[in-house]
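Read through the structure below, which is laid out as structure tokens, and then see the notes.
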Amino acid sequence: MNKDEILARSRNENKNRDEMEKEALAKAGQKACAAGGLVCVLVIILEAVFTRQVNMSTWAVYLSMTGTMLLTKYSLLKKKHEMIFGVMELILAAAFLIMYVIKIAR
């Protein structure tokens, strides 16, 4: 593979995005996930205070988002701790979803 082929392949993979734009999108995703987490915690606290119940569905949604994010990072970076925490969060998300379904089925 010569230099021109490598450059052409790189351009196709990057689809005319520069590194600064990629970094900005990554930071935006991280901040959006953090903001979503704070809103989930606020919803859970408010519901616990006013209804004396814990909202399992909110935890299921948040943990599935962050677990998927960690597994995606693992697939790209191959860092084992990303995979371990991603799998753990998805297992917790499934457990909260099951508890939510049991609760609404009663």
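Overview of results
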{"item": "Residues satisfying the stated conditions in region 77-90, i.e. free of Cβ contacts under 8 Å to residues at least 24 places away in the same chain, touching a helix residue (DSSP H, G or I) at 6+ places or on another chain (Cβ under 8 Å) and not charged (D, E, K, R)", "result": "Met83, Phe85, Gly86, Val87, Met88"}
{"item": "Matching option when the condition is within 19 Å of Ala34 (Cβ to Cβ), surrounded by fewer than 17 Cβ atoms within 10 Å (Cβ to Cβ), at pLDDT below 95 and out of contact with any Asp or Glu (no Cβ under 7 Å at 6 or more places or on another chain), among Thr58, Thr68", "result": "Thr68"}
{"item": "Whichever residue in region 44-91 is among the acidic types (Asp, Glu) and out of contact with any Phe, Trp or Tyr (no Cβ under 7 Å at 6 or more places or on another chain) and, among such residues, is farthest from Ala26 (Cα to Cα)", "result": "Glu47"}
{"item": "Within region 10-30, tally of residues that are modelled with pLDDT under 75 and either polar (S, T, N, Q) or outside any loop (DSSP other than H, G, I, E, B) (or both)", "result": "6"}
{"item": "Residue match in region 92-100 (condition: more than 21 Å from Ala26 (Cβ to Cβ), modelled with pLDDT under 90 and either of a type outside the set (D, E, K, R) or touching a Lys or Arg at 6+ places or on another chain (Cβ under 9 Å) (or both))", "result": "no"}
{"item": "Candidates Met83, Met88 - the one that is surrounded by 10 or more Cβ atoms within 10 Å (Cβ to Cβ), within 28 Å of Ile104 (Cα to Cα) and under 17 Å from the mean Cα position of the chain (by Cα)", "result": "Met88"}
{"item": "Selected residue [of a type in the set (Val, Ile, Thr) and under 27 Å from Ile104 (Cα atoms)] from Thr51, Thr72", "result": "Thr51"}
{"item": "Selection within region 64-106 - of a type in the set (Phe, Trp, Tyr) and not in a helix (DSSP H, G or I)", "result": "none"}
{"item": "Some residue of region 45-54 being among the aliphatic types (A, V, I, L, M), outside any helix (DSSP H, G or I) and in contact with an Asp or Glu (Cβ under 9 Å, 6 or more places away or on another chain)", "result": "yes"}
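The values are calculated or read from the model by the stated rules, or taken from the named source; none is laboratory data. These figures come from a predicted structure and were not determined experimentally. Cβ atoms come from the backbone with ideal geometry, glycine included; neighbour counts cover every protein chain shown.
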